[in-house]
Amino acid sequence: MGILYALVGRGSVVLAEFSGTTTNASAIARQILEKTPGNNDMHVSYSQDRYIFHVKRTDGLTVLCMADDTAGRRIPFAFLEDIHQKFVRTYGRAVHSAQPYGMNEEFSRILSQQMEYYSSDPNADRINRLKGEMSQVRNVMIENIDKVLDRGDRLELLVDKTANMQGNTFRFRKQARRFRSTVWWRNVKLTIALIVVLLVIVYVVLAFVCHGPALPSCF
Amino acid sequence: MSFQDIQGGPNPPSRRNQSPSQAVAAGIFQINTAVATFRRLVDGVGTVKDTPEHRQKLHNTRQRILLLVKDSSAKLKSLTESDRDANANASKKIEDAKLARDFQTTLQEFQKVQQLASERESAYTPAAPSSLPTSSGSGEESVGIDVESQPFIREHKRQEILLLDNEISFNEAMIEEREQGIREVEEQIGQANEIFKDLAVLVHDQGVVIDDIHSNIDASAGATTQARVQLAKASKSVKSKTSWCWWLLAIFVVVLVILLVVLIF
């Protein structure tokens with residue numbers, strides 16, 4: 001949840017307050033104001049059931065807030081510091097002579113806004129912002145891991161395909177070499193056949209010219 | 001410096017201007033001697049030798065030093081003015097500047113010793129039996145003051161201690177919570193580191209696979225090139241075969257012509 005109630009007071013006089021829920025925080029806050037005597041600066045926290053009241057007093061001005069125990073201390077006290085600065089910057093010296101609830105109409109809205117901001121926005125705390133950024137980095141890295149794994153799968157497919165291509169090209173080379181041998185032998189056979197035919201023709205012509213198969217007239 | 005100036009006195013030819021310089025040098029020397037005596041007297045303050053007569057002697061020495069300083073300062077001023085008016089030579093000006101610097105050094109030394117004397121005169125009183133009851137009386141008064149205001153001081157200290165304890169516990173709680181947050185951030189950074197390492201391993205393994213792919217493709221390219229060479233040779237053989245067919249046709253035609261000629265005749 002976060003910060004549920006906030007109050008600004010001087011001594012035991014309440015100057016402004018805002019409550020996010022209907023609880024008895026206002027009564028308890030007044031008791032705390034009355035129980036903390038003196039004007040010296042202090043930081044204290046009181047626990048009440050599941051809620052903790054954080055009190056900060058600086059220069060006689062008291063800022064108080066109620067938060068649940070999961071909010072810790074860093075964010076509530078940062079809230080108190082912020083409210084104190086805004087209050088002093090807005091009203092200045094009028095703080096010391098103001099009437100009870102004199103600033104409630106204007107400042108309760110600011111209290112509400114800041115309660116919302118410090119309860120919901122992670123950027124209110126530097127460590128929380130850093131934690132959020134580290135979470136983003138981790139998420140991005142997990143996405144990168146997934147992408148690299150997909151890339152690995154596709155690379156596996158690619159290596160299989162290239163292995164197949166290598167086998168196919170080896171077979172292609174072997175068949176090309178066999179084809180070249182076949183064509184060469186065929187060419188050799190054709191040459192021999194042509195030579196034989198040529199010799200037969202020459203013999204026939206000579207036999208005709210020499211008047212006999214044994215070629216008697218030429219020898 | 002002073003001795004050198006005194007020894008160098010008779011050497012320069014113009015004796016008229018040396019008298020003021022020599023007088024200033026002598027004055028500075030006397031001041032140094034008196035300051036040394038004054039320092040010895042100051043060292044005696046606060047010891048068994050500290051007596052009213054000792055204080056009187058200290059006072060007299062201080063007065064004598066002041067008179068000497070006044071006299072030498074006046075002489076030095078007139079000397080500087082005469083140097084500026086007469087437009088003396090450079091070495092003369094240098095000597096006078098040296099005298100002024102020595103005088104200033106001596107004055108600073110005297111001021112230091114005088115300050116030390118003032119401190120010691122305030123801290124200690126002369127050894128005289130008549131002043132003992134006064135100091136013991138003031139001691140009793142201070143003890144009384146402490147007794148009167150002790151409860152208030154104790155209460156104030158207790159409140160301060162309580163406030164400091166509150167501030168310390170508050171700061172410890174804040175520091176604890178901040179430590180918790182920083183520890184979580186550190187844990188997340190560690191996880192990011194692990195993820196980066198895993199990514200590096202994966203990328204390296206895929207590099208090996210890519211190397212295999214590269215070698216497969218290289219082998220395929222080589223085999224394809226050789227196959228292309230073989231096919232080129234086969235194509236060449238086919239062309240030769242076609243040429244032989246044409247030769248065969250030519251021979252057939254020739255034979256046919258010869259037969260026709262023979263039949264005609």
request  = Would you mind finding the one in A:A176, A:A163, A:A207 that is in contact with a Pro (Cβ under 9 Å, 6 or more places away or on another chain) and aliphatic (A, V, I, L, M)?
outcome  = A:A207
inquiry  = Being modelled with pLDDT of 50 or more and among the aromatic types (F, W, Y) is the filter here; which residues of segment B:1-42 pass it?
reply    = B:F29, B:F38
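Residues of segment A:144-189 being within 30 Å of B:C245 (Cα to Cα) and small (G, A, S), which ones? Give the steps one after another, and end with the answer.
Our first condition is that a residue be within 30 Å of B:C245 (Cα to Cα); within segment A:144-189, this holds for A:172-189.
Hits for segment A:144-189 are A:A176, A:S181.
Would you mind stating whether A:D125 is more than 7 Å from chain B (Cβ to nearest Cβ), open to solvent by less than 40 Å² (accessible area, probe 1.4 Å) and farther than 30 Å from B:V262 by Cβ?
On the way: more than 7 Å from chain B (Cβ to nearest Cβ): yes; open to solvent by less than 40 Å² (accessible area, probe 1.4 Å): yes; farther than 30 Å from B:V262 by Cβ: yes.
Judged against the criteria, A:D125 is a match.
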task = Identify, by number, the condition in (1) modelled with pLDDT of 75 or more; (2) closer than 19 Å to B:A25 by Cβ that B:T61 doesn't meet.
result = (2)
query = So, in segment B:198-224, of the ones that are among the hydroxyl-bearing types (S, T, Y) and facing chain A (nearest Cβ under 7 Å), which residue ends up surrounded by the fewest Cβ atoms within 10 Å (Cβ to Cβ)?
reply = B:T224
inquiry  = Taking the condition of being among the hydroxyl-bearing types (S, T, Y) and open to solvent by less than 90 Å² (accessible area, probe 1.4 Å), how many residues in segment A:186-203 meet it?
reply    = 1
note = By residue number, the members of segment A:93-122 that are surrounded by 14 or more Cβ atoms within 10 Å (Cβ to Cβ) and part of a helix (DSSP H, G or I) are A:V95, A:N104, A:F107, A:S108, A:I110, A:L111, A:S112, A:Q114, A:M115, A:Y117, A:Y118, A:S119
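Taking the options A:A163, A:A94, name whichever one is at the interface with chain B (Cβ under 9 Å from one of its Cβ atoms), out of contact with any Ser or Thr (no Cβ under 8 Å at 6 or more places or on another chain) and more than 30 Å from B:R178 (Cα to Cα). Can you show your working first?
On the way: A:A94 fails: at the interface with chain B (Cβ under 9 Å from one of its Cβ atoms).
So the residue among A:A163, A:A94 that is at the interface with chain B (Cβ under 9 Å from one of its Cβ atoms), out of contact with any Ser or Thr (no Cβ under 8 Å at 6 or more places or on another chain) and more than 30 Å from B:R178 (Cα to Cα) is A:A163.
Looking at A:Y118, A:Y101, A:Y91, which is the one that is aromatic (F, W, Y) and over 18 Å from A:C65 (Cβ atoms)?
Numbers: A:Y118 fails: over 18 Å from A:C65 (Cβ atoms); A:Y101 fails: over 18 Å from A:C65 (Cβ atoms).
Every option except A:Y91 fails the conditions.
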query = Tell me, which strands (runs of 3 or more DSSP E) wholly within segment A:1-89 include 3 or more residues that are within 12 Å of chain B (Cβ to nearest Cβ) and crowded, with 21+ Cβ neighbours inside 10 Å?
reply = A:51-58
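Taking the criterion of being among the hydroxyl-bearing types (S, T, Y), at negative phi, out of contact with any Leu (no Cβ under 6 Å at 6 or more places or on another chain) and in contact (Cβ under 8 Å) with a residue 12 or more places away in the chain, would at least one residue in segment A:92-107 satisfy it? I'd like the intermediate steps shown before the answer.
The first filter runs over segment A:92-107 and keeps only residues among the hydroxyl-bearing types (S, T, Y), leaving A:97, A:101.
Retained after the next criterion (residues that are at negative phi): A:97.
Restricting the remaining residues to those that are out of contact with any Leu (no Cβ under 6 Å at 6 or more places or on another chain) gives A:97.
With in contact (Cβ under 8 Å) with a residue 12 or more places away in the chain added as a condition, the list becomes none.
Within segment A:92-107, not a single residue is among the hydroxyl-bearing types (S, T, Y), at negative phi, out of contact with any Leu (no Cβ under 6 Å at 6 or more places or on another chain) and in contact (Cβ under 8 Å) with a residue 12 or more places away in the chain.
Among B:A173, B:A227, B:A232, which is the only one that is crowded, with 16+ Cβ neighbours inside 10 Å, within 30 Å of A:V188 (Cβ to Cβ) and not polar (S, T, N, Q)? Break it down stepwise before answering.
Numbers: B:A173 fails: within 30 Å of A:V188 (Cβ to Cβ); B:A232 fails: crowded, with 16+ Cβ neighbours inside 10 Å.
Just a single option satisfies the conditions, and that option is B:A227.
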remark   = In segment B:27-69, anything under 17 Å from B:A123 (Cβ atoms), hydrophobic (A, V, I, L, M, F, W, C) and surrounded by 16 or more Cβ atoms within 10 Å (Cβ to Cβ) is listed as B:L41, B:V42, B:V45, B:L58
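The values are calculated or read from the model by the stated rules, or taken from the named source; none is laboratory data. A quick note: this is a predicted structure, and the numbers were derived from the prediction, not measured. When we count neighbours, we look across all protein chains shown, and the Cβ atoms used for this are built from the backbone with ideal geometry, even at glycine. Heavy atoms of the whole protein, side chains included, go into the accessibility calculation; ligands, DNA and RNA do not. Shrake-Rupley method; radii C 1.70, N 1.55, O 1.52, S 1.80 Å.
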